[in-house]
Amino acid sequence: MGVLLVLCVALDARPRFARSAAPAAVRVIVRRTIEATPRDALDAFWQRTWLRGGGAPLPSVRLDVYGNRATRVGSVRTLWPLGMVERVDHAAAQARGARVRYSLVQSGALFAGADIRHTGELRFSMRSPGGTAPSRCELAWSVSFTPPRGSSVAFWQRVTALAIGGAADDLVAHVRTRRPQRTLVVRAPLRAPARRAWREWARFVWSNGGGLRVGPVPAPPPIRFGARGERLILPPGLVEQLLLQDEAALEHTYAVLNPGLLVLYPCSEHAGVVRFRARGRGACLMEWVVRLRPRSLGVPLATSVTETVVLALARNFARELKPEQAWAQSVFGTDSDGATLAWAWSGEA
């Protein structure tokens with residue numbers, strides 16, 4: 001979408017005569033039917049469209065602010081290479097409908113200096129109740145803005161319809177092929193106060209790699225880049241972003257930005273939350289929850305890789321903080337190498 005808009009603004013830059021000094025607003029609405037409940041369609045929008053820029057020809061989204069953990073209100077993203085910054089102003093989901101409103105808070109290079117007042121709204125409305133019939137909802141995605149002074153309203157009307165229509169089509173296709181979610185929950189008792197463990201996880205696991213090994217050889221530490229917690233893991237080339245560090249709740253939230261066969265991780269989505277809860281006597285409990293959607297035929301590989309890596313990181317981190325064996329073993333037992341962990345999968349295979 002970003003490359004398309006850059007090309008279009010270049011085409012629109014040719015000389016014109018007798019243009020209106022105050023062009024009318026561009027208003028576009030696209031409608032699609034999605035094979036999901038409004039809640040599930042909204043969740044797919046967050047994961048696919050808002051976070052990853054689904055429908056764009058290039059990976060072009062950088063998440064700047066995660067926003068409210070439950071609603072995503074206040075979430076901010078930047079669209080590259082345009083430099084446009086969008087913010088979620090309202091979001092709500094109910095059984096029969098869901099709604100998102102967002103606005104442009106920084107126009108970027110494309111509309112530099114222009115007050116375009118760009119707003120968008122998505123409405124997901126239930127069309128079939130589920131049960132024996134598959135659940136369906138209707139998406140109505142509307143966008144309005146004032147194009148730069150001297151621009152062709154008809155031109156921007158066509159460009160916007162093409163861009164929003166492409167993103168909506170991508171969301172429909174993504175939901176249609178979306179695999180069931182699998183969830184891995186790992187719990188480990190730690191001999192450290194919860195706040196200290198929260199800080200140490202960011203240092204030991206996220207920044208330094210958590211002591212992973214590739215066979216007998218220590219894995220290289222992740223390559224940090226960007227200003228918002230991105231890291232590159234080699235091998236296999238996974239890119240992850242630390243979406244939220246909530247010190248009040250003592251939680252870290254992250255996501256894999258490029259899951260797929262190219263990085264030997266056959267998933268369409270992968271997100272994790274790591275929580276720390278005080279347990280008294282200077283100890284805490286770490287709960288690491290990973291949610292992923294393996295691609296077709298990729299369930300065995302995706303779940304095996306996820307379990308192996310997350311358990312190894314949890315064990316290494318537990319050893320780093322010296323788990324309190326006396327009470328931990330009574331709750332969890334001890335595995336073969338002395339770490340104290342409990343883990344379980346849930347969800348459809």
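The values are calculated or read from the model by the stated rules, or taken from the named source; none is laboratory data. In this text the structure is predicted, and so the values were computed from the model without any measurement. Every residue, glycine among them, receives a Cβ derived from its backbone with ideal geometry; neighbour counts consider all protein chains shown.
A few notes on this one:
- THR119 falls short on exactly one of the conditions (1) under 23 Å from TYR254 (Cα atoms); (2) touching a residue at least 12 places away in the same chain (Cβ under 8 Å); (3) not basic (Lys, Arg), and that condition is (1).
- Residues (surrounded by fewer than 20 Cβ atoms within 10 Å (Cβ to Cβ), under 30 Å from ARG39 (Cα atoms) and of a type in the set (A, V, I, L, M, F, W, C)) located in the range 144-162: ALA161, LEU162
- Residues in the range 180-208 that are touching a residue at least 40 places away in the same chain (Cβ under 8 Å), within 21 Å of HIS270 (Cβ to Cβ) and either among the acidic types (Asp, Glu) or outside any helix (DSSP H, G or I) (or both): PRO180, GLN181, ARG182, THR183, LEU184, VAL185, VAL186, ARG187, ALA188.
- Against the test of being farther than 24 Å from ARG77 by Cα, free of Cβ contacts under 8 Å to residues at least 60 places away in the same chain, surrounded by fewer than 16 Cβ atoms within 10 Å (Cβ to Cβ) and under 19 Å from the mean Cα position of the chain (by Cα), the options LEU234, LEU297, LEU261 yield a single qualifying residue, LEU261.
- Top-ranked residue in the range 95-135 [being surrounded by fewer than 17 Cβ atoms within 10 Å (Cβ to Cβ) and of a type in the set (D, E, K, R); ranked as modelled with the lowest pLDDT]: ASP115
- Residues satisfying the stated conditions in the range 209-219, i.e. without any contact (Cβ under 8 Å) to a residue 24 or more places away in the chain and either surrounded by 13 or more Cβ atoms within 10 Å (Cβ to Cβ) or outside the structural domain of LEU321 (by TED's automatic domain parsing) (or both): ALA219
- Among the strands (runs of 3 or more DSSP E) confined to the range 97-149, there are none with at least 3 residues that are farther than 22 Å from ARG72 by Cβ and in the same structural domain as PRO81 (by TED's automatic domain parsing).
- Residue, nearest to GLU251 (Cα to Cα), within the range 306-321, restricted to residues that are β-branched (Val, Ile, Thr) and buried (at least 19 other Cβ atoms within 10 Å of the Cβ): VAL310
- Filter pass, ARG48 being crowded, with 20+ Cβ neighbours inside 10 Å, charged (D, E, K, R) and within 17 Å of LEU139 (Cβ to Cβ): yes
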